1. Can you pull out the residues in the range 103-119 that are within 17 Å of Asp44 (Cα to Cα) and either of a type in the set (Phe, Trp, Tyr) or in a loop (DSSP other than H, G, I, E, B) (or both)?
2. Anything in the range 1-32 that is in contact with an Asp or Glu (Cβ under 7 Å, 6 or more places away or on another chain) and crowded, with 19+ Cβ neighbours inside 10 Å? List them, or say none.
3. Does any residue of the range 141-151 turn out to be buried (at least 19 other Cβ atoms within 10 Å of the Cβ), modelled with pLDDT under 95 and under 18 Å from the mean Cα position of the chain (by Cα)?
4. Suppose the filter is at pLDDT 95 or above, aliphatic (A, V, I, L, M) and under 15 Å from the mean Cα position of the chain (by Cα); does Ala112 pass it?
5. If Val48 meets every condition in (1) buried (at least 20 other Cβ atoms within 10 Å of the Cβ); (2) within 24 Å of Lys142 (Cβ to Cβ) apart from one, which number is that one?
6. Given the criterion at pLDDT 90 or above, within 18 Å of the chain's Cα centre (by Cα) and of a type in the set (A, V, I, L, M), identify the matching residue among Ile37, Ile87.
7. Residue pairs, Cβ under 9 Å, 6 or more apart or interchain, first in the range 173-192 and more than 18 Å from Leu137 (Cβ to Cβ), second not acidic (Asp, Glu) and not in a helix (DSSP H, G or I). List them.
Amino acid sequence: MANNNFRDAIISFIHENAKPVDKFSHQPRLYALTRLIGAGEACDDDVVFAAVWLHDLGVFVGHRPEDPDALARWDCVAYAVQQAPRILADLGFPKEKIPAAVEAIRTHQSNAEPASIEAAIVRDADILEQLGATAVLRTTCKIGRDTRFKTFPDALRALRQQLESLPAQLRLVRSRELAVPRVEILRQFLEAAEAEGAAAERGVHAA
């Protein structure tokens with residue numbers, strides 16, 4: 001496969017493997033964010049692209065375990081790191097860039113320490129996806145189907161934790177700028193959800 005076709009090949013591969021189907025929308029949004037964050041930065045966009053599209057391979061149905069106990073112990077990042085080199089090579093990605101893409105995948109979560117500009121861009125973009133209206137949609141759609149989110153309060157607690165902990169972990173100036181409206185949107189949503197929940201609770205007790 002010619003190298004100049006690897007981007008379309010990677011997108012097609014993820015489109016086929018991203019299950020449930022809503023898992024696919026994260027990648028194009030994330031890549032769009034990396035373009036905003038990385039504008040003006042001296043970085044290899046091929047590396048960023050590959051990392052963005054393959055970083056969540058281990059969370060897809062068919063790639064992750066389905067047994068709840070096994071899933072609770074599952075290391076989705078380690079799985080993606082293990083699988084990505086072969087997949088990228090098979091899809092025509094430049095072989096000399098594979099280690100950098102894999103390293104960006106390895107450090108894409110907020111608790112990791114990126115060692116390259118490409119990895120920092122990917123990590124910051126993934127953090128931004130956990131803030132704002134997108135974060136609300138991504139979290140609430142998992143209620144009832146993800147063992148972490150059995151109820152609405154579970155989702156609200158997770159969103160509150162993201163709001164309180166993630167903005168300070170952004171590395172790049174542009175990322176922090178992009179975070180400002182997202183933080184405000186998420187804050188307003190949580191305040192409204194918590195106020196409505198409190199009102200319902202008062203109504204139950206009053207009755």
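The values are calculated or read from the model by the stated rules, or taken from the named source; none is laboratory data. Keep in mind that this is a model prediction, so the values were computed, not measured. Reconstructed Cβ throughout: ideal geometry from the backbone, glycine too, with neighbour counts over all protein chains shown.
1. Residues satisfying the conditions are Thr107, His108, Pro114, Ala115, Ser116.
2. Passing the criteria: His26, Leu30.
3. The answer is yes, given that some residue of the range 141-151 is buried (at least 19 other Cβ atoms within 10 Å of the Cβ), modelled with pLDDT under 95 and under 18 Å from the mean Cα position of the chain (by Cα).
4. Taking the combined requirement at face value, the residue does not satisfy it.
5. Answer for Val48: the failing condition is (2).
6. Result: Ile37 is the single residue among Ile37, Ile87 that is at pLDDT 90 or above, within 18 Å of the chain's Cα centre (by Cα) and of a type in the set (A, V, I, L, M).
7. Pairs found: Arg174/Ala39; Arg174/Gly40; Arg176/Leu170.
The rows are residues; the columns are (1) among the basic types (Lys, Arg); (2) touching a residue at least 60 places away in the same chain (Cβ under 8 Å).
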| position | (1), (2) |
| --- | --- |
| Arg7 | yes, no |
| Ile14 | no, no |
| Ala50 | no, no |
| Asp67 | no, no |
| Leu91 | no, yes |
| Ala100 | no, no |
| Glu103 | no, no |
